[in-house]
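See below for the structure under consideration.
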Amino acid sequence: MPMSRAAAATALVATLVLTATACGGGSTAGGGGDSSPRTLTYWASNQGTSLENDRQVLEPELKRFEQQTGIKVKLEVVPWSDLLNRILAATTSGQGPDVLNIGNTWSASLQATGALLPFDQAAFGRIGGRDRFLPAALASTGAPGKDPAAVPLYSMAYGLYWNRKLFAEAGLDKPPATWEELVADGRKLTAGGRYGLVVEGGNVNENVHHAFVLAKQHGTDFFDAAGKPTFAGPGAVAAVKQYVDLLGTEKITAPGNAEYANNQSVTDFATGKAAMLMWQTAGANLASHGMKPEDYGVAPVPAPAGATGDRATTSMVGGINLAVFRGTRNTDGALKFVEFMTGTEEQTRLNKAYGSIPPVKEAQTDPAFATPELKALTGVLADGARPLPQVPDESQFETLVGTAVKNLLAAAAAGKPATDDSVKAELTKAQQQMPAN
């Protein structure tokens, strides 16, 4: 999903838990109610190259839905920089849409507000059943043990993109499979103003995604079983230091990467300034910079040698979920729309358009998703991806830990490599800023 969304997260989630359940939602214009729903409002997240590009993709599909059901959908594409705050404001005003996109990592936070319609067995029955969806994608739809707050719409996973030409020039014929190999290869590839790896160090949720994966590989989480933050534990400290050391100690990443926050890392990889990139479904973005699929390979992000279970995690579960406001006056129409958007045909159309992976298993059989890139990432999603913590304070976790990593990368770029003490201090400060429960 777009990399700027976590920056929108605020502590409002915690305050809204007490108020959202009493709020009405959904549109009234053109209404019709459940007995005859004629109009729905839909907030879509920005998935394409621009808001206009999203309208070009979505409007024909919404017209198709109207032709099939007689229900008109009023579309608004909301930038990621605004989306979470718009949703939170809607939960207090009652002036929300009927159906909306949410970043899948927000699911538990928004679920805790009570503002979203739970997808219980009956609701899943309306859209064809939960077995149609990838288990990994369903795992990012809300807190364990509760009915999901949303259903998967688009799925993504991280992969290690590697430049075939630059690898060959360095005498390398395959991508690294372990972190030790990545560092060794990165050193061989760092020369002449070119670096082995590029990272997006000024982007807080890029940072937290990699910190999460490395923490899993170190056998730890950022929250304990009761949902309390444990940001400064030994495993988390080791994970964050390992990531920051790619720039500060190993020096296989350019110091300027500490300031990257607007997809400059993808540009550097596409233009040959770096030989490796860890990114979610980057193919369409790389193509926009003139890079051809045969110019690069895609492999899982490295994991420890011989790792199994959570220690073999190579990606967080990325993607977008589709939710219904609990207070919608058009519940019947909203569920018809969710059924349409998650139908096999529509899943194929939309995920083709956006270069993402269908979370509906049947849609993955389409040849469009059999490219080397998407086959590799689908394998990661099925076997190596884990959901970010499904806790009510997840949004704050992303912002605070992602910012801590950003600060450490900035210090490393300024000539102050991370130490265990400096990492622990930053993570302790982040934990202290978490809301008290």
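The values are calculated or read from the model by the stated rules, or taken from the named source; none is laboratory data. Keep in mind that this is a model prediction, so the values were computed, not measured. For neighbour counting, all protein chains shown are included, and Cβ atoms are generated from backbone atoms with ideal geometry for every residue, glycine included. SASA here: full protein model, heavy atoms, side chains in, ligands and nucleic acids out. Shrake-Rupley method; radii C 1.70, N 1.55, O 1.52, S 1.80 Å.
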Exercise for review: Please go through the stretch 336-357 and pick out each residue that is open to solvent by less than 40 Å² (accessible area, probe 1.4 Å) and closer than 19 Å to residue 103 by Cα.
Suggested key: 337, 338, 341, 342, 347, 350, 351, 354, 355, 356, 357
Practice item. Can you give me the number of residues within the stretch 42-92 that are over 19 Å from the mean Cα position of the chain (by Cα) and either over 22 Å from residue 111 (Cα atoms) or surrounded by fewer than 17 Cβ atoms within 10 Å (Cβ to Cβ) (or both)? Key: 25
Check your understanding: Does residue 261 count as outside any strand (DSSP E or B), closer than 19 Å to residue 368 by Cα and under 17 Å from the mean Cα position of the chain (by Cα)?
Key -> no
Review point. Does residue 395 fit the bill of being open to solvent by less than 40 Å² (accessible area, probe 1.4 Å), under 22 Å from residue 228 (Cα atoms) and among the hydroxyl-bearing types (Ser, Thr, Tyr)?
Key: yes
Practice item. Scan the stretch 66-87 and report the pairs whose first residue is at negative phi and whose second residue is of a type in the set (Asp, Glu) and open to solvent by less than 50 Å² (accessible area, probe 1.4 Å), with Cβ atoms within less than 7 Å and a gap of 6+ or a chain change. Key: 77/54
**Study point:** Unmet criterion (only one of (1) open to solvent by 10 Å² or more (accessible area, probe 1.4 Å); (2) of a type in the set (S, T, N, Q); (3) touching a Ser or Thr at 6+ places or on another chain (Cβ under 8 Å)) for residue 263
**Key:** (3)
Check your understanding: Out of all the residues in the stretch 414-437, which are crowded, with 20+ Cβ neighbours inside 10 Å and either of a type in the set (A, V, I, L, M) or on the phi > 0 side of the Ramachandran plot (or both)?
Key -> 418, 423, 427, 430
Review point. Looking at the stretch 141-184, which of its residues are without any contact (Cβ under 8 Å) to a residue 40 or more places away in the chain and within 24 Å of residue 45 (Cβ to Cβ)?
Key: 146, 147
Practice item. Could you identify the single residue in 246, 214 that is out of contact with any helix residue (DSSP H, G or I) (no Cβ under 7 Å at 6 or more places or on another chain), crowded, with 20+ Cβ neighbours inside 10 Å and either at pLDDT 95 or above or within 16 Å of residue 413 (Cβ to Cβ) (or both)? Key: 246
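One line per residue, one yes/no per condition, for (1) of a type in the set (Val, Ile, Thr); (2) open to solvent by 10 Å² or more (accessible area, probe 1.4 Å); (3) modelled with pLDDT of 95 or more:
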| residue | (1), (2), (3) |
| --- | --- |
| 127 | yes, no, yes |
| 132 | no, yes, yes |
| 138 | no, yes, yes |
| 150 | no, no, yes |
| 153 | no, no, yes |
| 157 | no, no, yes |
| 169 | no, yes, yes |
| 175 | no, yes, yes |
Practice item. Could you please tell me which pairs satisfy a Cβ distance under 8 Å, a separation of 6+ or placement on different chains, a first residue in the stretch 223-235 that is basic (Lys, Arg), and a second residue that is open to solvent by 70 Å² or more (accessible area, probe 1.4 Å)? Key: 228/437
Point to revise | Verdict on residue 287 being open to solvent by 20 Å² or more (accessible area, probe 1.4 Å), within 19 Å of residue 423 (Cα to Cα) and among the aliphatic types (A, V, I, L, M) | key: no
**Study point:** Filter result (part of a helix (DSSP H, G or I), among the hydrophobic types (A, V, I, L, M, F, W, C) and within 16 Å of residue 190 (Cβ to Cβ)) within the stretch 264-300
**Key:** 269
Practice item. Select from the stretch 143-194 the residues that are out of contact with any helix residue (DSSP H, G or I) (no Cβ under 7 Å at 6 or more places or on another chain), of a type in the set (A, V, I, L, M) and more than 30 Å from residue 238 (Cβ to Cβ) and list them in ascending order. Key: 168
Point to revise | Breaking point among (1) touching a residue at least 12 places away in the same chain (Cβ under 8 Å); (2) over 22 Å from residue 107 (Cβ atoms), for residue 375 | key: (1)
Exercise for review: Please give the number of the condition residue 410 fails out of (1) of a type in the set (A, V, I, L, M); (2) under 16 Å from the mean Cα position of the chain (by Cα); (3) surrounded by fewer than 23 Cβ atoms within 10 Å (Cβ to Cβ).
Suggested key: (2)
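Being open to solvent by 10 Å² or more (accessible area, probe 1.4 Å), closer than 25 Å to residue 106 by Cα and either polar (S, T, N, Q) or in contact with a strand residue (DSSP E or B) (Cβ under 9 Å, 6 or more places away or on another chain) (or both) is the requirement here; does residue 326 meet it? Before you say what the answer is, go through the steps one by one.
On the way: open to solvent by 10 Å² or more (accessible area, probe 1.4 Å): yes; closer than 25 Å to residue 106 by Cα: yes; either polar (S, T, N, Q) or in contact with a strand residue (DSSP E or B) (Cβ under 9 Å, 6 or more places away or on another chain) (or both): yes.
The answer is yes for residue 326.
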